[in-house]
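First comes the structure, then the notes that go with it.
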Amino acid sequence: MLIDIITGTPLYVWLILALLVYRGVKRLYPRDVHLRAFVILPLLFLFLAGHRLATLDYTHAVLVGLVGGLVVGALLTVMLRPQDRLSYAGGDRAHVEGEWHTLAMVLALFAALYAQNAGLAVNPALANNVPFMLAVNAVIGLATGFSTARAAAYLLKVKRLAKAGESAAR
């Protein structure tokens with residue numbers, strides 16, 4: 001049955017996974033990034049979360065899972081402090097040391113969405129299975145909350161460092 005699910009998965013899904021892994025592996029290495037890059041992934045994740053709420057019939061379990069995951073993801077950001085590995089590179093750029101968070105979060109999000117979609121394709125009754133829906137959406141919320149809180153922490157630090165640089169230049 002698992003082989004049937006994997007072989008029945010459309011090619012574009014595997015291409016998306018390959019792209020996500022590629023982008024995540026690139027983030028393992030230090031890089032200078034434009035500040036816009038910090039908000040792309042969180043906006044995509046937030047869009048996916050909002051889309052789920054708007055289109056899925058089982059909104060209570062989805063909402064509880066997403067909100068719980070968002071809170072845990074934000075708290076994880078506070079604990080891990082990814083902004084400590086960021087420095088201001090001038091203008092609208094920042095230097096970020098290599099990190100594993102992005103790869104972990106995109107893989108978690110992909111796995112949760114894949115598990116849900118494959119599970120519902122095989123057994124549509126899972127739509128009414130509260131533990132299943134809570135777990136899947138908690139993982140989606142975790143990835144979304146972490147990515148959004150991390151972007152906010154990055155942008156706030158860059159703003160603070162840029163302001164400190166302007167003050168020092170005067």
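The values are calculated or read from the model by the stated rules, or taken from the named source; none is laboratory data. Remember, predicted model here, so these are calculated numbers, not experimental data. Cβ sites come from the backbone with ideal geometry, for glycine too, and all protein chains shown count toward neighbours. Calculation scope for accessible area: heavy atoms of the full protein, side chains included, ligands and nucleic acids excluded. Shrake-Rupley method; radii C 1.70, N 1.55, O 1.52, S 1.80 Å.
Pairs meeting the criteria (first residue in the range 43-72 and aromatic (Phe, Trp, Tyr), second residue open to solvent by 50 Å² or more (accessible area, probe 1.4 Å), beta carbons under 8 Å, at least 6 apart or on different chains) are Tyr58/Asn128.
Look at Phe47 and say whether it is hydrophobic (A, V, I, L, M, F, W, C) and either surrounded by 14 or more Cβ atoms within 10 Å (Cβ to Cβ) or touching a strand residue (DSSP E or B) at 6+ places or on another chain (Cβ under 7 Å) (or both).
The answer is no for Phe47.
Cβ-Cβ distances below 7 Å connect no pair with a first residue in the range 135-163 that is over 9 Å from Gln83 (Cα atoms) and assigned to a helix (DSSP H, G or I), a second residue that is open to solvent by less than 50 Å² (accessible area, probe 1.4 Å) and acidic (Asp, Glu), and a separation of six or more residues or different chains. Residues that are open to solvent by 40 Å² or more (accessible area, probe 1.4 Å), part of a loop (DSSP other than H, G, I, E, B) and either small (Gly, Ala, Ser) or without any contact (Cβ under 8 Å) to a residue 12 or more places away in the chain (or both) do occur in the range 108-125.
Out of Val62, Val33, which single residue is out of contact with any Pro (no Cβ under 7 Å at 6 or more places or on another chain) and either farther than 22 Å from Leu107 by Cβ or at pLDDT below 85 (or both)? Walk me through how you get there before you give the answer.
On the way: Val33 fails: either farther than 22 Å from Leu107 by Cβ or at pLDDT below 85 (or both).
After ruling out the rest, the residue left standing is Val62.
Please enumerate the residues belonging to the range 108-137 that are within 19 Å of Leu41 (Cβ to Cβ) and either hydrophobic (A, V, I, L, M, F, W, C) or touching a strand residue (DSSP E or B) at 6+ places or on another chain (Cβ under 9 Å) (or both). Across the range 108-137, the qualifying residues are Ala108, Leu109, Phe110, Ala111, Ala112, Leu113.
Has the range 2-25 got at least one residue that is among the aliphatic types (A, V, I, L, M) and outside any helix (DSSP H, G or I)?
Pass one, the range 2-25, residues among the aliphatic types (A, V, I, L, M): 2-3, 5-6, 11, 13, 15-21, 25.
Among the residues that remain, those that are also outside any helix (DSSP H, G or I) are: none.
No, that holds for no residue.
Entry remark, the range 77-107: residues being open to solvent by 40 Å² or more (accessible area, probe 1.4 Å), assigned to a helix (DSSP H, G or I) and either in contact with a Lys or Arg (Cβ under 9 Å, 6 or more places away or on another chain) or of a type outside the set (A, V, I, L, M, F, W, C) (or both) number 3 in total.
Residues are listed down the side, and each one gets a yes or a no for (1) over 17 Å from the mean Cα position of the chain (by Cα); (2) at pLDDT 90 or above; (3) among the acidic types (Asp, Glu):
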{"site": "Phe110", "(1), (2), (3)": "no, yes, no"}
{"site": "Leu120", "(1), (2), (3)": "yes, no, no"}
{"site": "Leu134", "(1), (2), (3)": "yes, yes, no"}
{"site": "Val139", "(1), (2), (3)": "no, yes, no"}
